1. For region 218-346, would you read off the P(r) tail past 21 Å as a percentage of all alpha carbon pairs?
2. Can you list which of the GluC sites (Glu not before Pro) found in region 380-481 are DSSP loop residues with at most 16 other C-beta atoms within 10 Å?
3. Which one, GLY108, ALA428, TYR459, is farthest towards the positive end of the dipole of the chain when Lys and Arg carry +1 and Asp and Glu -1 on their Cβ?
4. If you take the C-alpha gyration tensor of region 306-358, multiply each eigenvalue by 5 and take the square root, what semi-axes do you get, largest first, in whole Å?
5. How far apart, in nm, are the 7 Å Cα→Cβ label points at GLU325 and ILE408?
6. Please give every one of the aspartates and glutamates within straight-line cross-link reach of LYS174, meaning a C-alpha to C-alpha distance under 19 Å, and leave out same-chain neighbours fewer than 8 residues apart.
7. Just how far, in whole angstrom, is region 361-403 from region 266-339 if you go by their alpha carbon centroids?
8. Can you spot the aspartates and glutamates whose alpha carbon is less than 12 Å from LYS485's alpha carbon? Ignore those fewer than 8 places along the same chain.
Amino acid sequence: MATKNKLVQWTPTDVKEELLKKYPPKVARKRAQSILINEALENTTPEIQANVRTIPGIITMRGCTYAGCKGVIMGPTRDIVNIVHGPIGCSFYAWLTRRNQTDAGATGENYMPYCFSTDMQDSDIIFGGEKKLKAAIQEAYDLFHPKGICVFATCPVGLIGDDIHAVSREMKAKFGDCNVFAFSCEGYKGVSQSAGHHIANNQVFKHLVGTGGEAKEGEYKINLLGEYNIGGDGFEIDRVLKLCGITNIATFSGNSTYDQFATANKADLSCVMCHRSINYVADMLETKYGIPWIKINFIGAEATAKSLRKIGQYFGDKALIDRIEEVIASEMVKVKEVLTELKPRTEGKTAMLFVGGSRAHHYMELFNELGMKTVSTGYEFGHRDDYEGRQVIPDLKVDADSRNIEEIEVEADPELYSPRKSAEELKALEEKGFEFKDYKGLIPDMDKGTLIIDDLNQYEAEKLVEIIKPDLFCAGIKEKYSIQKLGIPLKQLHSYDYGGPYAGFVGAVNFYKEIDRLVNSKVWSYMKAPWQENPELSATYVWE
Ligand code: CFM
């Protein structure tokens, strides 16, 4: 199929030039800094431009700050009423569009299917919407009596200056038994949804984490940070953790509840999955409560095994370590069986991954397991540390956009802080090669000469496919049909195309089968790409 038809051998430099050719010079210069040809530099990682504004006029794959706050971080929390203060479109957009699943639990308290909105009208924009917001909070309280109500600002709210925080404080004081707090997450606030993650996490940390309540009982208590239960990933991870005897106190925020956040301070280790959306919370949990953190990844069977072993090594208990090995051995039977059957069909195929802020890296594990090569990749809204590794954080430029996002000052809690391990214990682990507080970026995992592109846009995506013709393109719904019309299958790695889970061992097996089906389907060869039928459409002006 696609790879077989490749006629010309392009060098990465040619491809980069071709991507930039159509742009006006100023745009080309700016985009050039976000398109990196990977090269192994001695002891250093090449630098990429990331987390900067998309150039106006370019059709970006990014979402807005409100999406990152309301949809990504707070979306999966079932027993908090999430009220959107704004026009109805913003609420409708965020209404169950992300495939984060939940288990309504014994109480059945689940507000996720609802769409709560103040439905602002022209007159509210002119005269102010605070009264309407108050009434909405009151109505939600009267109807449901939830433990928490969250309020989200949309663009017009920031522009007209409604004080959503004052309203929330007033209502919280009035109710006495309902925690009401708000997020200044106007869509325009940052350069992408990444700013919304930060705004959401800061408020959850300030208003909710450590406020008490009944924590789950059990041994080896962890928090799972940056796991959002897309397509049931979190259910699979919880199944595996349970088999190992590890207690997951709080997931931030897949399948989460108010009480999970409130008792997150009771865990003894934070495991960070999607570091892009939450790494700063891991730091704050450590500073305030003394909980160390490690990077883990449950995407890929090998990566899952490695992450479980890392958790076992941290607790250092032989019974746990043995149980983890038993679980890995028994789960790997199926994984190996399926791989033996499928790998001969997937081996050598090529993929491109352009997804949010961490999946473009994490999913490379699954493709490696299938013997497939990731030939180009990049994030929609990653920061330089997601590409180059955590060590670059101190050198990151603070610009007007990043300054816009609050950095909260956290100190050790006078009552709740307790170091989980002594300095000597931590050092002993580190001496054995155990890594705390670190993650490598995707650049070191990519081959030399591959293209790493930040904030890829529609034009560049189509050009890339046209030139390189991968066997598979991974992105989201906005890209799906334009790429498939070019004769290349697209796997959605945001929503999983209604499939999943893809995390853990069961997830790896699901993924292998899905990818085998996609890259070996004959249907794509019947699709003629526009450039194959009409190589170039040209026209001239009649007066020329
Ligand atoms: Fe983290 Fe995510 Fe991602 Fe993300 Fe997202 Fe998502 Fe994503 Mo879509 S939190 S950065 S803002 S792993 S919704 S579950 S798939 S872009 S790569």
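1. On the way: 3253 of 8256 pairs.
The proportion of pairs with Cα distances above 21 Å equals 39 percent.
2. Values: sites: GLU380, GLU388, GLU406, GLU407, GLU409, GLU411, GLU415, GLU424, GLU425, GLU430, GLU431, GLU435, GLU460, GLU462, GLU466, GLU479; in loops: GLU380, GLU406, GLU407, GLU409, GLU411, GLU415, GLU435.
Filter output for region 380-481: GLU406, GLU407, GLU409, GLU411, GLU415, GLU435.
3. Ranked along the dipole, the leading option is TYR459.
4. Details: eigenvalues 182, 73, 8 Å².
Ellipsoid half-lengths, sorted descending, are 30, 19, 6 Å.
5. 4.2 nm
6. GLU130, GLU139, ASP142, ASP163
7. Answer, in whole Å: 20.
8. GLU462, GLU466
None of the figures in this text is laboratory data; all of them are computed from the coordinates on show. Since this is a predicted model, take the numbers as computed values, not measurements. Because the Cβ atoms are built from the backbone with ideal geometry, glycine has one as well, and the counts that use them run over all protein chains shown.
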